[in-house]
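To start, the structure under review is shown below, and the notes come after it.
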There are 2 protein chains.
Amino acid sequence: MRMNENALVERIRRRFGSSKRKNPGLRVDIGDDAALFAVRDGYQVISTCDWFLEGTHFLRDIHPPDSVGWKCLARAISDIAAMGGRPKFFLLSLALPAELTGRWLDDYLGGLQRAARKFHCSLAGGDTTKGDKILISITVFGEVRSRQAVLRSGARPGDAVFVSGRLGEAELGLRLLRDRALRPQLSNPLLKKHLYPEPRLALGRWLAENRMATAMMDLSDGLSSDLPRLCAASGVGTRIDAAAIPTVRDPLKQATRSGKMTATRAKLQNLDLLDVALNGGDDYELLFTANSHQADRVPCKLAEVNVTRIGKITNGRRIALIRTDKLETALDESGWDSFRSQPVPKEKGRA
Amino acid sequence: MRMNENALVERIRRRFGSSKRKNPGLRVDIGDDAALFAVRDGYQVISTCDWFLEGTHFLRDIHPPDSVGWKCLARAISDIAAMGGRPKFFLLSLALPAELTGRWLDDYLGGLQRAARKFHCSLAGGDTTKGDKILISITVFGEVRSRQAVLRSGARPGDAVFVSGRLGEAELGLRLLRDRALRPQLSNPLLKKHLYPEPRLALGRWLAENRMATAMMDLSDGLSSDLPRLCAASGVGTRIDAAAIPTVRDPLKQATRSGKMTATRAKLQNLDLLDVALNGGDDYELLFTANSHQADRVPCKLAEVNVTRIGKITNGRRIALIRTDKLETALDESGWDSFRSQPVPKEKGRA
């Protein structure tokens with residue numbers, strides 16, 4: 001089949017069908033110059049775009065195309081969750097080498113479509129072109145009731161700091177995949193967080209609707225990189241209790257149950273779970289603050305996601321970590337940074 | 001200076017300042033997880049994304065960074081013009097090699113900022129990362145009054161077909177640049193259309209507000225590729241009069257006035273102006289249709305842009321060209337296609 005841009009757009013359109021039926025706000029989708037949509041009275045639009053690049057965020061030979069499709073959308077939707085919003089539409093900018101327009105594209109679109117259905121986010125348009133590598137940029141639109149969006153900038157001294165889920169699970173999955181200790185299967189729970197992350201939409205919305213969170217963001221580059229960003233936006237400091245951070249639970253036992261692990265057993269035994277929790281990227285958990293009067297009303301589990309209080313917001317600008325030996329140190333920013341870190345699967349997150 | 005993602009975002013933010021003052025609808029811009037904006041009552045949102053990739057759409061060694069900055073935004077805004085809308089905000093997805101985060105980035109942001117001011121379109125957020133090459137994806141949001149947007153799908157048999165401006169000027173500019181016959185200066189009128197295109201916002205809005213256009217799109221890949229798309233979306237055919245197509249005016253005379261031209265003089269003398277007009281990309285002129293009762297009321301010049309009637313919409317699906325010798329042929333799709341064509345400056349538009 002001779003592929004050109006028209007044919008590629010047509011393939012994507014056939015695969016996804018029209019999004020207009022599913023999304024009454026959408027007036028025009030794939031196939032016109034631009035998408036056209038209406039916004040409900042009393043709502044605002046949240047919009048965000050996210051790169052997902054071969055060589056920087058994933059590798060063609062170890063990340064299955066189905067996962068690439070799922071994850072490129074899920075991680076963009078995570079930014080909508082982090083504001084307390086509901087995803088509605090997305091635009092897909094896709095550049096592909098010509099040799100990937102067959103099977104690879106099919107599998108990629110399959111993963112993308114499953115994520116689109118699961119998170120109720122319809123394809124509304126995009127742009128396709130040829131590239132030397134796989135280049136993906138996703139723009140997601142969500143909606144949130146006026147004045148309900150939770151920003152990074154609302155944290156105040158005395159607020160409690162919370163995270164959802166367990167931190168470092170995605171990094172552990174990446175390491176197992178990198179070492180080729182496990183096959184990249186959807187069914188493997190140790191890899192799920194890295195290959196098929198789930199944005200914390202229900203939690204984010206609950207916090208926004210109940211006005212529980214004073215500030216919120218999602219954890220994409222690691223707590224040690226993202227927490228300072230929230231604090232900088234709010235003009236505050238923080239003191240985090242290392243012992244309270246929810247880390248990966250017993251990775252060796254889990255891993256042994258999941259497949260042949262002889263090669264990586266030693267590595268896992270020596271794994272510093274706190275380090276992985278602080279500096280591992282791609283968790284897509286929520287980091288949020290609540291004022292001291294409301295902090296006790298934050299449930300410890302919501303929509304099947306654990307919520308853990310890990311510290312508090314302080315005056316000044318110091319980002320402090322109370323280590324497990326009770327000594328206080330500055331929290332080093334050692335999370336994922338594309339300009340500093342190696343591409344994903346080599347030495348991710350290690351500066 | 002040690003560049004990382006935070007520093008890069010901060011550079012961009014300082015350069016552009018806050019967009020919230022200029023754009024009352026914008027609630028949150030650069031620095032949070034996502035942009036947040038309100039939509040006026042009675043308006044809909046137009047949204048579109050556009051790739052602009054080194055090696056596919058421009059080359060680092062011949063396209064000045066200032067032009068890359070201008071053009072990446074201008075061409076995305078052209079899709080808003082093509083629906084009759086008004087641009088409001090944009091998101092910038094930028095991936096850069098580390099060595100370009102100095103002077104190149106400054107000049108790029110300069111061009112981007114000039115375009116943003118000129119077209120009243122504010123930076124509202126984005127995503128930055130490291131790339132092996134310069135990768136740009138721009139998402140633009142515009143607004144249009146409800147039920148005023150002009151789509152590709154509204155053309156009906158009997159409608160007249162119009163284009164704005166002169167077709168092929170951008171292709172000519174590209175060829176002169178490729179042959180290094182002219183220096184890539186903003187002031188050179190022959191290169192302006194290729195380096196610094198201007199989306200036809202005033203014309204598009206006038207047509208939408210006056211309900212003059214039954215269908216509309218912008219010409220980005222050449223009339224021979226784009227016209228069939230409009231016809232396919234409308235389920236119609238067309239008959240275009242080659243003699244009526246507004247081509248580049250006297251390129252040899254213009255070129256000789258503009259610089260040393262000995263090397264390319266022969267080439268320009270032999271230039272097939274109709275071929276360039278039909279198949280050259282990057283014109284960003286508007287292609288639109290008007291029903292036969294209104295066609296005579298379409299002005300031949302609007303906001304200093306010429307408007308020319310070039311043919312009509314027919315029953316069936318045939319895309320026909322009445323050649324200058326009066327013979328009718330099928331219009332071959334020979335415009336720009338990234339999967340078929342070579343990268344921009346080598347043999348663009350020649351299959």
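Per-structure values
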read-out: The stretch B:215-252: trypsin sites (Lys or Arg not before Pro) falling in loop per DSSP and having at most 11 other Cβ within 10 Å; value: B:Arg249
read-out: The stretch A:267-333 shape via C-alpha gyration tensor axes, a/c threshold 1.5; value: oblate
read-out: 7 Å along Cα→Cβ, label-point gaps from A:Gly110 to other copies, nm, shortest first; value: 5.1
read-out: Pseudo-label separations to other copies for B:Pro157 - Cα-to-Cβ vector, 7 Å, nm; value: 7.8
read-out: Shape parameters for the stretch A:103-163, alpha-carbon atoms, Rg then Dmax in Å; value: 18.0, 54
read-out: Candidate residues B:Lys71, A:Lys192: accessible-area rank, largest first, probe 1.4 Å; value: A:Lys192, B:Lys71
read-out: Drop in accessible area of at least 40 Å² in the complex versus isolated chain, residues of the stretch A:116-135, 1.4 Å probe; value: A:Asp127, A:Thr129, A:Lys130, A:Leu135
read-out: Teacher prompt: B:Arg317 distances to equivalent labels in other copies, 7 Å Cα→Cβ, nm; value: 6.4
read-out: Cα pair distances in the stretch A:90-136, grouped into 5 Å bins until the bin that holds the longest one, percent each; value: 6, 19, 28, 27, 15, 5, 1
read-out: Rounded accessible area per residue of the stretch A:136-184, 1.4 Å, Å²; value: 31
read-out: Environment charge at B:Leu109 (Cβ cut-off 12 Å; Lys +1, Arg +1, Asp -1, Glu -1); value: +3
read-out: Kyte-Doolittle mean at least 0.0 and Cα axial length at least 20 Å: DSSP H helices in chain B; value: B:65-81
read-out: Accessible area of the stretch A:17-83 divided out per residue, in Å², using a probe of 1.4 angstrom; value: 27
read-out: Mean Cβ neighbour count within 10 Å, used as a protection proxy, ranking B:158-166, A:113-121 highest first; value: B:158-166, A:113-121
read-out: Proximal charge balance of B:Arg166 [Cβ under 9 Å; K/R count +1, D/E count -1]; value: -1
read-out: Residues losing 20 Å² or more accessible surface upon assembly, the stretch A:136-154, compared with the chain by itself, 1.4 Å; value: A:Ser137, A:Thr139, A:Phe141, A:Leu151, A:Arg152
read-out: Inter-probe distance in nm under a simple model that places probes 7 Å from Cα toward Cβ, at A:Leu327 and B:Asn291; value: 8.1
read-out: Selection from A:Gly173, A:Phe162, A:Met212, by position along the positive dipole direction of the stretch A:119-223 (Cβ); value: A:Gly173
read-out: Estimated 222 nm signal from helices in chain A, with DSSP H stretches of n ≥ 4 weighted -39500 (n - 2.57), rounded to 500; value: -9000 deg cm²/dmol
read-out: Filter on A:Lys193/A:Lys301; A:Lys22/A:Lys193; A:Lys133/B:Lys130; A:Lys193/A:Lys267; B:Lys22/B:Lys118; A:Lys71/A:Lys133 - keep pairs with C-alpha separation over 21 Å; value: A:Lys22/A:Lys193
read-out: Long-range HN-HN contacts of B:Asn306 with modeled amide H, under 5 Å; value: B:Gly165
read-out: Amide H within-cut-off set for A:Ile134, under 5 Å, with H built and near neighbours excluded; value: A:Glu54
read-out: DSSP bridge orientation in chain B - percent antiparallel, rounded to nearest 5; value: 75
read-out: Most positive-pole-ward Cα, A:Ile46, B:Gln44, A:Thr314, against dipole of the protein assembly as shown from beta carbon charges; value: B:Gln44
read-out: Reduction of at least 50 Å² in accessible surface, 1.4 Å probe, comparing all protein chains with the chain by itself, residues of the stretch B:31-75; value: B:Asp32, B:Asp33, B:Ala34, B:Leu36, B:Phe37, B:Gln44, B:Val45, B:Ser47, B:Cys49, B:Trp51
read-out: Accessible carbon and sulfur surface of the protein assembly as shown relative to its total accessible area, %, 1.4 Å; value: 47
read-out: Charge context of A:Asn315, other residues only, Cβ under 13 angstrom, K/R +1, D/E -1; value: +4
read-out: Separation of the A:Asp132 and A:Ala243 label points, Cα + 7 Å toward Cβ, nm; value: 5.3
read-out: Histogram of C-alpha separations across chain A, 20 Å bin width, %; value: 30, 57, 13, 0
read-out: Two-decimal Rg to Rh for the stretch B:36-119 - Kirkwood Rh, Cα set; value: 1.02
read-out: A:Glu328 - accessible surface, heavy atoms, 1.4 Å probe, Å² rounded to 10; value: 80
read-out: Percentage relative contact order, chain A, counting C-alpha pairs under 8 Å, at least six apart; value: 22
read-out: Prolate/oblate/rounded call for the stretch B:55-171, Cα gyration tensor, a/c under 1.5 rounded; value: prolate
read-out: Value in Å of the Kirkwood radius, where the protein assembly as shown supplies the Cα pairs that are averaged; value: 26.4
read-out: Placed amide H near A:Thr314: partners under 5 Å, 5+ positions off or other chain; value: A:Gly158, A:Gly237, A:Thr238, A:Arg239
read-out: Solvent-accessible area buried by pairing B with A, both sides, nearest 100 square angstrom, 1.4 angstrom probe; value: 5300
read-out: Alpha-carbon centroids, the stretch B:23-66 and the stretch B:200-222: separation in whole Å; value: 20
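The values are calculated or read from the model by the stated rules, or taken from the named source; none is laboratory data. Worth saying up front: this structure is predicted, and the values here are computed from it rather than measured. Counting neighbours? That spans all protein chains shown, and the Cβs are built from the backbone with ideal geometry, glycine included. Each accessible area value is taken on the protein alone, full model and side chains, heavy atoms only, with ligands, DNA and RNA left out. Shrake-Rupley method; radii C 1.70, N 1.55, O 1.52, S 1.80 Å.
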